[in-house]
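The values are calculated or read from the model by the stated rules, or taken from the named source; none is laboratory data. What you are looking at is a predicted structure, and each value in this text was computed from that prediction instead of being measured. Cβ: placed from backbone, ideal geometry, glycine included. Neighbour counts: every protein chain shown.
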Amino acid sequence: MNEQLHIAGFAGSLRSQSYNRRLLEIAAELMPPGMRLEILDIDLPMYNPDLESQPLPEPVRRFREGVARADGLLIATPEYNHSIPAVLKNALEWLSRPLPDLPASGKLAAIMGAGGRVGTARAQTHLRQIAHSLNMLVLSRPEVLIANASAVFDEQGRLLDEAALGFIHQQMVALEAGVRFLQTRQSIGEMIRF
């Protein structure tokens with residue numbers, strides 16, 4: 001199976017110098033040759049059920065289409081107040097509605113994050129719960145939890161922690177293997193369906 005995998009990534013931060021956006025860029029550099037990353041914009045209007053009955057706002061439509069066409073997902077989240085940021089929760093709300101169209105359903109997602117003293121463990125736990133409600137599959141290991149982000153990124157946005165770089169690479173290898181496994185199972189299921 002040599003087909004290139006298309007991974008859609010998004011970061012739960014709108015900050016121009018976001019460490020989590022930078023994590024996505026680093027992950028793209030460390031991906032195996034059979035993968036490519038498209039980073040999606042989540043600067044979206046606030047979710048409002050009233051908007052479901054109209055054509056979706058253009059940024060929402062583009063975001064949902066980006067997720068729908070991806071083979072797998074990569075989500076980078078900071079931790080705000082022991083959870084995920086509102087901007088990320090809003091993006092996930094847009095993936096959950098309108099029903100029955102769930103563009104992330106059945107897709108394998110890897111989660112990573114860079115944060116403060118305790119990294120992003122609590123935010124990632126909440127994100128896993130939300131992903132479950134969207135019928136996403138979440139890669140369990142390896143985890144990428146980068147603590148003290150301001151100390152491990154330099155002014156040019158380079159990640160100086162070699163162990164963290166190793167975990168990111170391992171996570172990308174695991175994401176590729178997991179997505180290809182799911183694709184193989186799906187192909188076998190289609191072949192034997194009658």
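Quick notes on this one:
- A123 being closer than 25 Å to E25 by Cβ, out of contact with any helix residue (DSSP H, G or I) (no Cβ under 8 Å at 6 or more places or on another chain) and of a type in the set (G, A, S): yes
- Scanning the range 94-108 for residues that are small (G, A, S) and either part of a loop (DSSP other than H, G, I, E, B) or in contact with a helix residue (DSSP H, G or I) (Cβ under 6 Å, 6 or more places away or on another chain) (or both) yields A104, S105, G106.
- For the range 50-85, filtered to residues that are acidic (D, E) and surrounded by fewer than 18 Cβ atoms within 10 Å (Cβ to Cβ), the residue that is modelled with the lowest pLDDT is E52.
- Residue match in the range 92-114 (condition: without any contact (Cβ under 8 Å) to a residue 40 or more places away in the chain, closer than 21 Å to I146 by Cα and surrounded by fewer than 21 Cβ atoms within 10 Å (Cβ to Cβ)): no
- Among the residues of the range 2-49, those identified as of a type in the set (A, V, I, L, M, F, W, C), more than 22 Å from L165 (Cβ to Cβ), surrounded by 12 or more Cβ atoms within 10 Å (Cβ to Cβ) and out of contact with any strand residue (DSSP E or B) (no Cβ under 6 Å at 6 or more places or on another chain) are L14, L44.
- Looking at Q183, Q156, just one residue is more than 23 Å from V60 (Cβ to Cβ), exposed (fewer than 14 other Cβ atoms within 10 Å of the Cβ) and modelled with pLDDT under 95, and that residue is Q156.
- Against the numbered list (1) among the hydroxyl-bearing types (S, T, Y); (2) within 15 Å of the chain's Cα centre (by Cα); (3) over 24 Å from D71 (Cβ atoms), S140 comes up short only at (3).
- Checking T125 against (1) surrounded by 20 or more Cβ atoms within 10 Å (Cβ to Cβ); (2) of a type in the set (V, I, T); (3) within 27 Å of F181 (Cα to Cα), the condition it does not meet: (1)
- Scanning the range 7-53 for residues that are assigned to a helix (DSSP H, G or I), of a type in the set (D, E) and over 16 Å from V152 (Cβ atoms) yields E29, D50, E52.
- So G119, is it of a type outside the set (A, V, I, L, M, F, W, C) and modelled with pLDDT of 95 or more: no
- Selection status of E52, of a type in the set (D, E, K, R), farther than 26 Å from V179 by Cβ and in contact with a Lys or Arg (Cβ under 9 Å, 6 or more places away or on another chain): yes
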